[in-house]
Amino acid sequence: MSKKITAAIGAVLLAALAACGGGGAGAAGGSQGDGKITMGFSQVGAESGWRTANTKSVQDAAKSAGIELQFSDAQQKQENQLKAIRSFIQQKVDVIAFSPVVETGWDAVLLEAKRAGIPVILTDRAIDSDDTSLYATFLGSDFVEEGRKAGKWLVDNTQGAVNVVELQGTTGAAPAIDRKEGFEEVIAARPDIKVVATQSGDFTRAGGKQVMEAFLKSTPDIDVVYAHNDDMGLGAIEAIKAAGKKPGVDIKIITVDAVKDGMQALANGEINFIVECNPLLGDQLMDLAKKVVAGQEVPKRVVTEETTFTPEQAKAALPERQY
Ligand code: AHR
């Protein structure tokens, strides 16, 4: 083979490798050639205590792992996440991680990332796509299981007819869809438990309060509130008190998350049961990012371990609670 042809093949191979970009940066990591990994991270927003704890966990973990974090807050808007991801692609980051605000509508932008050779990690929330090659791994909770745990407590701790109002999370978001599904699956065993009203409070305290105020006016005989997160449950507590009723006694409350404020309300008897959703995903995320950038195999799904809390368990856990 002539020297010219060998050089040409070499150049083509080098170009192909370069096109692989961040997807195959090698064990040293970092497409900038300085060995440092840059992660573009698109966060949902700052809607809840859970989210604040999750953001801190990711930022702290990036620092400890020596990963440079390009952080973007989407303020709960998918269009902002799409912009952020496209900007990360332009910047040629080594890896993109994001917590999708809603489940659908990601295929096009993730295909752009794939074509640019930038691996994507889903964290906290999943996407609804048939093409699982669009992301390297998904790290987060099993939200359906969380809904099942909430339903099981209700089935085990009530008798006779029970009227439930449901405060749903953000419409179209994985935790809202899955927590509803898991809850309904379990309470189906008790036809006397009825969800008499259900509406989104957008995972915020203000949203939970506003929707609960409306429920209290429109729906007689509410026995139980099932709130998809602590913040909406805390908003509901304010509305119930303002209506002259006792939260946790006149109306029982079940929530998901177990952030400090929720745990305190549980310990005080204003919430009756909390299903934990762990926001401290930062360290695991950085480990996965290093492996993915180095081209190592990672599991397609990493599920977070979680528990549940009764008021007594909340009292015991509160002094050590980090978030
Ligand atoms: O995706 C996790 C959920 O998002 C949390 O349970 C909720 O508090 C947050 O807003």
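So which residues in region 119-137 are open to solvent by less than 10 Å² (accessible area, probe 1.4 Å), touching a residue at least 60 places away in the same chain (Cβ under 8 Å) and closer than 18 Å to Ile37 by Cα, if there are any at all?
Hits for region 119-137 are Ile121, Thr123, Thr137.
Output the residue which, of all residues in region 49-61 that are open to solvent by 10 Å² or more (accessible area, probe 1.4 Å) and among the small types (Gly, Ala, Ser), is nearest to the ligand (Cβ to nearest atom).
For region 49-61, the residue satisfying everything is Gly49.
Scan region 291-313 and give yes if some residue there is in contact (Cβ under 8 Å) with a residue 40 or more places away in the chain, in a helix (DSSP H, G or I) and within 30 Å of Val95 (Cα to Cα), otherwise no.
Within region 291-313 (the criterion being in contact (Cβ under 8 Å) with a residue 40 or more places away in the chain, in a helix (DSSP H, G or I) and within 30 Å of Val95 (Cα to Cα)), the answer is yes, since at least one residue qualifies.
If you check Met212 against the conditions, is it within 24 Å of Thr308 (Cβ to Cβ), touching a residue at least 60 places away in the same chain (Cβ under 8 Å), open to solvent by less than 70 Å² (accessible area, probe 1.4 Å) and not in a strand (DSSP E or B)? Working first, answer last.
Working: within 24 Å of Thr308 (Cβ to Cβ): yes; touching a residue at least 60 places away in the same chain (Cβ under 8 Å): no; open to solvent by less than 70 Å² (accessible area, probe 1.4 Å): yes; not in a strand (DSSP E or B): yes.
It is false that Met212 is within 24 Å of Thr308 (Cβ to Cβ), touching a residue at least 60 places away in the same chain (Cβ under 8 Å), open to solvent by less than 70 Å² (accessible area, probe 1.4 Å) and not in a strand (DSSP E or B).
Identify all residues within region 247-267 that are touching a residue at least 24 places away in the same chain (Cβ under 8 Å) and either away from the ligand (no atom under 14 Å from the Cβ) or part of a loop (DSSP other than H, G, I, E, B) (or both); write none if there are none. I'd like the intermediate steps shown before the answer.
Keep residues of region 247-267 that are touching a residue at least 24 places away in the same chain (Cβ under 8 Å), which gives 247-248, 251-267.
Selection gives Pro247, Gly248, Ile251, Lys252, Ile253, Ala258, Val259, Gln264, Ala265, Leu266, Ala267.
Conditions (1) within 16 Å of the ligand (Cβ to nearest atom); (2) in contact with a strand residue (DSSP E or B) (Cβ under 6 Å, 6 or more places away or on another chain); (3) over 16 Å from Ala46 (Cα atoms), marked per residue:
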residue	(1), (2), (3)
Lys63	no, no, yes
Ile96	no, yes, yes
Glu103	yes, no, yes
Ile121	yes, yes, yes
Ala126	yes, yes, yes
Tyr135	no, yes, yes
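Can you confirm whether Ala206 is more than 16 Å from the chain's Cα centre (by Cα), open to solvent by 20 Å² or more (accessible area, probe 1.4 Å), within 16 Å of the ligand (Cβ to nearest atom) and at pLDDT 95 or above? Walk me through how you get there before you give the answer.
Working: more than 16 Å from the chain's Cα centre (by Cα): yes; open to solvent by 20 Å² or more (accessible area, probe 1.4 Å): yes; within 16 Å of the ligand (Cβ to nearest atom): yes; at pLDDT 95 or above: yes.
Against the criterion (more than 16 Å from the chain's Cα centre (by Cα), open to solvent by 20 Å² or more (accessible area, probe 1.4 Å), within 16 Å of the ligand (Cβ to nearest atom) and at pLDDT 95 or above), Ala206 qualifies.
Within region 215-246, track down each residue that is in a helix (DSSP H, G or I), more than 13 Å from the ligand (Cβ to nearest atom) and acidic (Asp, Glu).
Of all residues in region 215-246, those in a helix (DSSP H, G or I) come to 215-218, 230-242.
Among the residues that remain, those that are also more than 13 Å from the ligand (Cβ to nearest atom) are: 215-218, 236-242.
Answer for region 215-246, where residues must be in a helix (DSSP H, G or I), more than 13 Å from the ligand (Cβ to nearest atom) and acidic (Asp, Glu): just Glu238.
Can you report the number of residues in region 149-193 which are among the basic types (Lys, Arg), within 15 Å of the ligand (Cβ to nearest atom) and closer than 22 Å to Glu305 by Cβ? Write out each step before concluding.
In the first step, residues of region 149-193 are kept if they are among the basic types (Lys, Arg); the result is 149, 152, 179-180, 190.
From what's left, within 15 Å of the ligand (Cβ to nearest atom): 149, 179-180.
Right, trim to closer than 22 Å to Glu305 by Cβ and you get 149, 179.
Going through region 149-193 one residue at a time, the tally reaches 2.
Here's the yes/no breakdown for (1) farther than 30 Å from Ala65 by Cβ; (2) hydrophobic (A, V, I, L, M, F, W, C); (3) in contact with a Cys (Cβ under 9 Å, 6 or more places away or on another chain):
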{"residue": "Asp250", "(1), (2), (3)": "yes, no, no"}
{"residue": "Asp261", "(1), (2), (3)": "no, no, no"}
{"residue": "Ala267", "(1), (2), (3)": "yes, yes, no"}
{"residue": "Asn272", "(1), (2), (3)": "yes, no, no"}
{"residue": "Pro279", "(1), (2), (3)": "no, no, no"}
{"residue": "Asp287", "(1), (2), (3)": "no, no, no"}
{"residue": "Glu312", "(1), (2), (3)": "yes, no, no"}
{"residue": "Gln322", "(1), (2), (3)": "no, no, no"}
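Exactly one of these conditions fails for Asp128: (1) of a type outside the set (Ser, Thr, Tyr); (2) out of contact with any Asp or Glu (no Cβ under 6 Å at 6 or more places or on another chain); (3) not assigned by TED's automatic domain parsing to the domain that holds Ala227. Give me its number.
The single condition Asp128 does not satisfy is (2).
If you check every pair at least six apart or on different chains, which have Cβ atoms under 6 Å apart with a residue in region 83-111 that is among the polar types (S, T, N, Q) first and a residue that is open to solvent by 60 Å² or more (accessible area, probe 1.4 Å) second?
Thr104/Asp128
Condition check ((1) at pLDDT below 95; (2) among the polar types (S, T, N, Q); (3) in the same structural domain as Lys217 (by TED's automatic domain parsing); (4) assigned to a loop (DSSP other than H, G, I, E, B)) across all residues:
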{"residue": "Val93", "(1), (2), (3), (4)": "no, no, no, yes"}
{"residue": "Ile118", "(1), (2), (3), (4)": "no, no, no, yes"}
{"residue": "Ile121", "(1), (2), (3), (4)": "no, no, no, no"}
{"residue": "Gly147", "(1), (2), (3), (4)": "no, no, yes, no"}
{"residue": "Val155", "(1), (2), (3), (4)": "no, no, yes, no"}
{"residue": "Gly160", "(1), (2), (3), (4)": "no, no, yes, yes"}
{"residue": "Asn163", "(1), (2), (3), (4)": "no, yes, yes, no"}
{"residue": "Glu185", "(1), (2), (3), (4)": "no, no, yes, no"}
{"residue": "Val196", "(1), (2), (3), (4)": "no, no, yes, no"}
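Restricting the search to region 105-116, which residues are assigned to a loop (DSSP other than H, G, I, E, B) and either open to solvent by less than 10 Å² (accessible area, probe 1.4 Å) or closer than 20 Å to Ala173 by Cβ (or both)? Spell out how you get there, then give the answer.
Going through region 105-116, the residues assigned to a loop (DSSP other than H, G, I, E, B) turn out to be 105-106, 116.
Within region 105-116, Gly105, Trp106 meet the criteria.
The values are calculated or read from the model by the stated rules, or taken from the named source; none is laboratory data. A quick note: this is a predicted structure, and the numbers were derived from the prediction, not measured. Here the Cβ is made from the backbone with ideal geometry for all residues, glycine too, and neighbour counts use every protein chain on show. Calculation scope for accessible area: heavy atoms of the full protein, side chains included, ligands and nucleic acids excluded. Shrake-Rupley method; radii C 1.70, N 1.55, O 1.52, S 1.80 Å.
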